[in-house]
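Enquirer: Handing you a structure now.
The values are calculated or read from the model by the stated rules, or taken from the named source; none is laboratory data. The shown structure was predicted, so the numbers you read here are calculated from the model rather than taken from an experiment. All Cβ positions, glycine included, derive from the backbone under ideal geometry; neighbour counts span all protein chains shown.
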Amino acid sequence: MTLVDEGHPGARAVTVWTLQILDPSEVVPGRLPTFAVEWQRVDGDKAELSADLYERVGRAWGWVDRINWTNAEWAGWANRETLHLFVVRVDGEICGYVELDQQGSNVEVAFFGLLADFMGKGIGGWLLGQGLREAWLLPGVERVWVHTCDLDAPTALSNYQARGFVITDTAIEWRLPLLPEC
């Protein structure tokens, strides 16, 4: 969806929440899934994987802000020392990811999600909890934050809150659905 001004013909109001955790003791880990999962930090060139997961995970939720990025733009984003990419695998297959963007003493959960085939299997809470554990292990962290909206998975906001995030701001953005390409 494209950001537009209020009143734009065809625009839809989207509720956006900003949430934060100010102390690692406030993190509530998710339950470990009842099947084997593998947690992995991705080092080296992260651009291709970051772009792929953004597209595949975000497809259902209208993640389009970066959909037309070039390889160079993805490399500029993903290969920074302050960008930390983690994936979770089931039977060797990547099923979800967390990207942490370290911003001085703040860490943003920039992207987090599961591939559609793995939703509803009890992985999401655990995956987010693992990502938060990693965020608080980074040096000098005083705040971990995230934003989500009512276009994300129906369980997104409740998962963030169940892991210990507290809403600090609510805003309305006006978005225009993307038109199918001709």
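Enquirer: So, of the residues in region 8-61 that are at pLDDT 95 or above and hydroxyl-bearing (Ser, Thr, Tyr), which turns out to be surrounded by the fewest Cβ atoms within 10 Å (Cβ to Cβ)?
Expert: Ranking the candidates gives Ser25 first.
Enquirer: Kindly list, by first and then second residue, each pair from a residue in region 100-122 that is closer than 17 Å to Tyr160 by Cβ to a residue that is among the hydroxyl-bearing types (Ser, Thr, Tyr) and assigned to a strand (DSSP E or B), limited to pairs with Cβ atoms under 8 Å and residues at least 6 apart or on different chains.
Expert: Phe111/Tyr97; Phe112/Tyr97; Gly113/Tyr97
Enquirer: Continuing with this model, one more query. If you scan region 95-108, which residues turn out to be more than 15 Å from Arg41 (Cα to Cα) and touching a Gly at 6+ places or on another chain (Cβ under 8 Å)?
Expert: Gly104, Ser105
Enquirer: While we're looking at this one, here's another question. Condition check: at pLDDT 95 or above and under 26 Å from Gly140 (Cβ atoms). Does Val90 satisfy that?
Expert: Numbers: at pLDDT 95 or above: yes; under 26 Å from Gly140 (Cβ atoms): no.
Taking the combined requirement at face value, the residue does not satisfy it.
Enquirer: If I ask for residues that are hydroxyl-bearing (Ser, Thr, Tyr) and either under 20 Å from Trp126 (Cα atoms) or assigned to a helix (DSSP H, G or I) (or both), which ones from region 1-59 would you list?
Expert: Scanning region 1-59 gives Ser25, Thr34, Ser50, Tyr54.
Enquirer: Scanning for something under 30 Å from Glu6 (Cα atoms) and β-branched (Val, Ile, Thr), does region 118-128 turn up at least one residue? Before the answer, list the steps.
Expert: So in region 118-128, the residues under 30 Å from Glu6 (Cα atoms) come out as none.
No, that holds for no residue.
Enquirer: Given (1) surrounded by 13 or more Cβ atoms within 10 Å (Cβ to Cβ); (2) within 17 Å of the chain's Cα centre (by Cα); (3) modelled with pLDDT of 95 or more; (4) not basic (Lys, Arg), identify the lone condition not met by Thr82.
Expert: The single condition Thr82 does not satisfy is (1).
Enquirer: In region 69-79, how many residues are surrounded by 13 or more Cβ atoms within 10 Å (Cβ to Cβ) and more than 23 Å from Trp145 (Cα to Cα)?
Expert: Of the residues in region 69-79, 3 are surrounded by 13 or more Cβ atoms within 10 Å (Cβ to Cβ) and more than 23 Å from Trp145 (Cα to Cα).
Enquirer: Report yes if Thr168 is surrounded by fewer than 14 Cβ atoms within 10 Å (Cβ to Cβ) and at negative phi, otherwise no.
Expert: On the way: surrounded by fewer than 14 Cβ atoms within 10 Å (Cβ to Cβ): yes; at negative phi: yes.
Taking the combined requirement at face value, the residue satisfies it.
Enquirer: Now for a separate question. So, of the residues in region 149-165 that are aliphatic (A, V, I, L, M) and more than 12 Å from Val16 (Cβ to Cβ), which turns out to be surrounded by the fewest Cβ atoms within 10 Å (Cβ to Cβ)?
Expert: First, pick out the residues of region 149-165 that are aliphatic (A, V, I, L, M): 151, 153, 156-157, 162.
From the residues that got through so far, the ones that are more than 12 Å from Val16 (Cβ to Cβ) too are 153, 162.
Details: Ala153: 19, Ala162: 15.
Here the residue is Ala162.
Enquirer: Scanning for something out of contact with any helix residue (DSSP H, G or I) (no Cβ under 8 Å at 6 or more places or on another chain) and of a type in the set (Asp, Glu), does region 111-127 turn up at least one residue? Quick ask: steps written out before the conclusion?
Expert: Initially, region 111-127 is screened for residues out of contact with any helix residue (DSSP H, G or I) (no Cβ under 8 Å at 6 or more places or on another chain), giving 117-123, 126-127.
After this cut, where a residue has to be of a type in the set (Asp, Glu) as well, the list is 117.
Yes: one or more hits.
Enquirer: Which residues, taken from region 129-163, are over 23 Å from Thr82 (Cβ atoms), touching a residue at least 60 places away in the same chain (Cβ under 8 Å) and either among the hydrophobic types (A, V, I, L, M, F, W, C) or not in a helix (DSSP H, G or I) (or both)?
Expert: Cys149, Asp150, Leu151, Asp152, Ala153, Leu157, Ala162
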